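> This is the structure, below, for whatever I ask next.
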Amino acid sequence: MVTLRIRKALVASAALVLSAGTGLALLPATGAVALAGSSASQAAVASSATVRPASLGTASYAFSSVLDGKPVRWNPCAPILWTSNTTRGPAGGLAVLTSSVARIAALTGTTWKYVGATTRVPTAGYLPKAASATYPPVLIGWADATSSDLLRGQAKGVLAMTRTSWFGVQTPAGAKIAATRAAVVALDRTDVLPLRGGTSWNAVVLHELGHAMGLAHTGDARQLMATLLPRTVADLQAGDKAGLVKLGRTPGCVTVPAM
Ligand SMILES: [Zn+2]
């Protein structure tokens, strides 16, 4: 049995986007600045992972993107629509996705609505270019390195990758307000895992949905969001849950002002 681990190989955090000056567009008419960013994470067999904790968080959890000291998150007051592509996944795959989504919804106080299956492949191209795009914002599905750029060129044993997009504004007064707008989760169909238990598809999907909500890897090896996937941990742990609460309904709605 291989030791399945998780590493953070590709990260484009909001802070990085902002400091690099990319993803920004000045709108002279209002003085407001459009903000946009994305993040990517993956589960992998890692032998020399570089751990870079997010700028905000504790040993038990960390956030992928932070603006004005607050984690970027979905607006928890609006339903999150999701779709799936399980045609190339294991038998029982959709049930794993459904139960994992329900678990995340319960822990965060968010409402997820399944809109049915899609033939779309989970690729980076699924993510919107603008906040105004209308389609199911979350796609979870099985693919491989041939069909999905998210899995292409990754280290051997990569289990999955998640990428999110967020959009927002910086007001003339300088306040930054943004919300996660979309997430795509690509699960590597070439990996053979049990549906549930430690190091299972269920554990991987929960981990990836943690990324989709806005969690980054934590340096706490006991958590499901650990940089190295704990082999025997089958569910989200206390630190994971604490981070998810801060990304959910408890801190209130997220209303991004119109530009
Ligand atoms: Zn990860």
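> When you check residue 221 against the structure, is it more than 11 Å from the ligand (Cβ to nearest atom), surrounded by fewer than 18 Cβ atoms within 10 Å (Cβ to Cβ), more than 23 Å from residue 138 (Cα to Cα) and modelled with pLDDT under 95, yes or no?
Values: more than 11 Å from the ligand (Cβ to nearest atom): yes; surrounded by fewer than 18 Cβ atoms within 10 Å (Cβ to Cβ): yes; more than 23 Å from residue 138 (Cα to Cα): yes; modelled with pLDDT under 95: yes.
Yes.
> Say we look at region 174-213 and pick out the residues that are touching a strand residue (DSSP E or B) at 6+ places or on another chain (Cβ under 6 Å), within 14 Å of the ligand (Cβ to nearest atom) and among the small types (Gly, Ala, Ser); which of these is nearest to residue 132 (Cα to Cα)?
183
> Based on what the data block shows, is residue 164 β-branched (Val, Ile, Thr) and more than 16 Å from the ligand (Cβ to nearest atom)?
no
> Identify, from the list 174, 157, 198, the residue that is of a type outside the set (Lys, Arg) and farther than 22 Å from residue 233 by Cα.
Values: 157 fails: farther than 22 Å from residue 233 by Cα; 198 fails: farther than 22 Å from residue 233 by Cα.
Testing whether each residue is of a type outside the set (Lys, Arg) and farther than 22 Å from residue 233 by Cα leaves just 174.
> State whether the residues of region 87-99 include one that is aliphatic (A, V, I, L, M), more than 20 Å from residue 245 (Cβ to Cβ), at pLDDT below 50 and in a loop (DSSP other than H, G, I, E, B).
Within region 87-99, the first condition is being aliphatic (A, V, I, L, M), and the residues that meet it are 91, 94-97.
Restricting the remaining residues to those that are more than 20 Å from residue 245 (Cβ to Cβ) gives 91, 94-97.
Cutting the leftovers down to at pLDDT below 50 gives us none.
So far as region 87-99 goes, no, none of its residues is aliphatic (A, V, I, L, M), more than 20 Å from residue 245 (Cβ to Cβ), at pLDDT below 50 and in a loop (DSSP other than H, G, I, E, B).
The values are calculated or read from the model by the stated rules, or taken from the named source; none is laboratory data. No experiment lies behind these values; they were computed from the predicted model shown. For neighbour counting, all protein chains shown are included, and Cβ atoms are generated from backbone atoms with ideal geometry for every residue, glycine included.
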